[in-house]
Ligand code: DP6
């Protein structure tokens, strides 16, 4: 056991290139397929946990605002596992700050739950390996399992709680980046959890998704090893569009797109027609993310500024894994 240390822990968000879209076990958050993501440097969460015998209940402060029970629930899954592992009964105070660019409105469960896994285990005096941290973060939110690592990480679905965790794939120290086009910052109406549940239960295409995702995953790993941006981009775009096609094929159907989403998708095609290697990905919301060369991001931004305000465009490069911060924040 380590000393119990209440330190700030930082985790960066990740965006999936091969999407996680469906669980086989909702309690343990075991996915239906392996997924693969890139951790990015533009969005992160910093979190500190303090276990305190004086507290009567767990409390969560997000961006200096105390959160309600609903927001606390996911966090408590992680706190309870940590308390059990450490033999602790104290309640905890969680302080968390989301660092997202102005107007983006992109609170991220991946960075949030990964930072919490790191901060809670540190505060309880547990000395967890990255694999154990990934498993712990996964219990809060599946995608958080991948934010333990920088660069490209693969979440291996596994067969049980013990073997479902992320592994590092490539440090992404090559010419790849992402441009976020923020078309809207409203909260999504159908959460990822609900959306994927409906798809698994009702989409007639789900088997096809699983079979083709295994093929995509093998292909993208080869493309990453070869630093082949065009291949990485094409495969990612395909994975995202298939995920969104599942939503349209669910019963009742749903989708995350707005007219502005379609316009941004069209923009990606236009850029490609102009010869830029640019590919899109989208998650459980209307915003569009462009996979591109990091070295071309400024040039692409200048073109996109003809259609978007500067604060709608966020440029991101590959980011690092979980970090313990030595300095006291704020
Ligand atoms: C579309 O990790 O938010 O971003 O495990 O239910 O908390 P829960 O879901 P979450 O889902 C992320 C879905 C996605 C694709 C991905 O990140 O792989």
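The table for this structure:
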{"quantity": "Pairwise label distance in nanometres, residue 219 with residue 24, each label 7 Å out on the Cα-Cβ vector", "calculated": "2.3 nm"}
{"quantity": "Overall form of the stretch 147-295 per C-alpha gyration tensor (a/c, 1.5; a/b vs b/c)", "calculated": "oblate"}
{"quantity": "Average Cα contact separation per residue, the stretch 129-176, under 8 Å, 6 or more apart, as relative contact order %", "calculated": "34 percent"}
{"quantity": "Sorted by Cβ density within 10 Å, fewest first, the residues 202, 47, 159", "calculated": "159, 202, 47"}
{"quantity": "Calculated FRET efficiency for the pair residue 163/residue 127, C-beta based, R₀ 25 Å, to 0.05", "calculated": "0.75"}
{"quantity": "FRET efficiency, residue 227 to residue 41 (Cβ-Cβ, R0 22 Å, nearest 0.05)", "calculated": "0.75"}
{"quantity": "Fewest-first sequence of 109, 295, 6 by Cβ atoms within 10 Å of each Cβ", "calculated": "295, 6, 109"}
{"quantity": "The chain, relative contact order in percent, only Cα pairs under 8 angstrom and at least six apart counted", "calculated": "25 percent"}
{"quantity": "Spatial separation of Cα centroids for the stretch 109-166 and the stretch 9-63, in angstrom", "calculated": "7 Å"}
{"quantity": "Least to most buried among 145, 53, 96 (fewest other Cβ within 10 Å first)", "calculated": "53, 96, 145"}
{"quantity": "Three-way shape label, the stretch 27-108, alpha-carbon gyration tensor, a/c 1.5", "calculated": "oblate"}
{"quantity": "Net lengthening on full extension, residue 251/residue 305 (0.36 nm per residue, minus Cα-Cα)", "calculated": "15.6 nm"}
{"quantity": "Percentage relative contact order, the stretch 203-271, counting C-alpha pairs under 8 Å, at least six apart", "calculated": "34 percent"}
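Rule-based calculations on the coordinates, nothing more; no lab input. Predicted, not measured: the structure shown is a model, and the values here were computed from it. Heads up, the Cβs are rebuilt from the backbone with ideal geometry, glycines too, and the neighbour counts pull from every protein chain shown.
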